[in-house]
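This report refers to the structure that appears directly beneath it.
The values are calculated or read from the model by the stated rules, or taken from the named source; none is laboratory data. As the structure is a computational prediction, the values presented were derived from the model and not from experiment. Heads up, the Cβs are rebuilt from the backbone with ideal geometry, glycines too, and the neighbour counts pull from every protein chain shown.
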Amino acid sequence: MTFEASLAETLRTFQALSSLRPAIDRAGDLVLATLARGGKLLICGNGGSAAEAQHFSTELVGRYQKNRRALPAIALNSDGSLLSCIGNDYGYDDVFARQIAGLARPGDLVVVLTSSGNSANILAALAEAKKLGLDTIAFLGRGGGKAKGLATCELIMPSESGAACQEAHLFLIHHLCERIDAAYAT
């Protein structure tokens, strides 16, 4: 893909985000309600989406733009020893679900990121969250894949480009962080 074509696809994706505004607002409401009740965010993804999960959790535990208290969030893809243990003993499909089973408490929120919506470990994470009665937010792309319809709130990026979906996911993470800063800044 040429630079121009890639830029055009990304711009098309970003311009179409306003059509997701009700879901974007709902996702923000879920995050803020979770934090207000003392819950934590359990965030996960694979590959580039794993990097975005880590980015989101660091913005919460650290800070985004304004000073505020540390907020509880864990990127479930960050602990290599734990991932390899679960992957070896149970299979890679269970690397996130097993952590949700062990770490989640009532009132927590599970956030998944996947540009395809078809990752087996993401589907298992959503199933485990549902089993535990937890709310979920799914950042999806390419029509949502098999994950479509499985989350409390889904943000399906309007693109077939995995790169454009991930770029839009990061933009929305930053938008959520702006809402969090507004609620918690000191």
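The table below gives the values:
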read-out	value
Flag if ASP79 is farther than 30 Å from ALA5 by Cα, surrounded by fewer than 15 Cβ atoms within 10 Å (Cβ to Cβ) and at pLDDT 95 or above	yes
From the options ALA125, ALA138, residue that is in a strand (DSSP E or B), crowded, with 19+ Cβ neighbours inside 10 Å, in contact with a helix residue (DSSP H, G or I) (Cβ under 8 Å, 6 or more places away or on another chain) and not basic (Lys, Arg)	ALA138
In segment 82-101, the residues that are surrounded by fewer than 21 Cβ atoms within 10 Å (Cβ to Cβ) and within 19 Å of the chain's Cα centre (by Cα)	LEU83, TYR92, ASP93, ASP94, ALA101
Leading residue by the ranking (surrounded by the most Cβ atoms within 10 Å (Cβ to Cβ)) among those in segment 141-152 that are among the small types (Gly, Ala, Ser) and touching a residue at least 24 places away in the same chain (Cβ under 8 Å)	GLY141
Within segment 35-75, tally of residues that are within 14 Å of the chain's Cα centre (by Cα) and either outside any strand (DSSP E or B) or among the polar types (S, T, N, Q) (or both)	16
Test for LEU150: is it touching a helix residue (DSSP H, G or I) at 6+ places or on another chain (Cβ under 6 Å) and not in a loop (DSSP other than H, G, I, E, B)	no
Those residues of segment 11-26 which are closer than 17 Å to LEU170 by Cβ, surrounded by 11 or more Cβ atoms within 10 Å (Cβ to Cβ) and not aliphatic (A, V, I, L, M), in sequence order	ARG12, THR13, PHE14
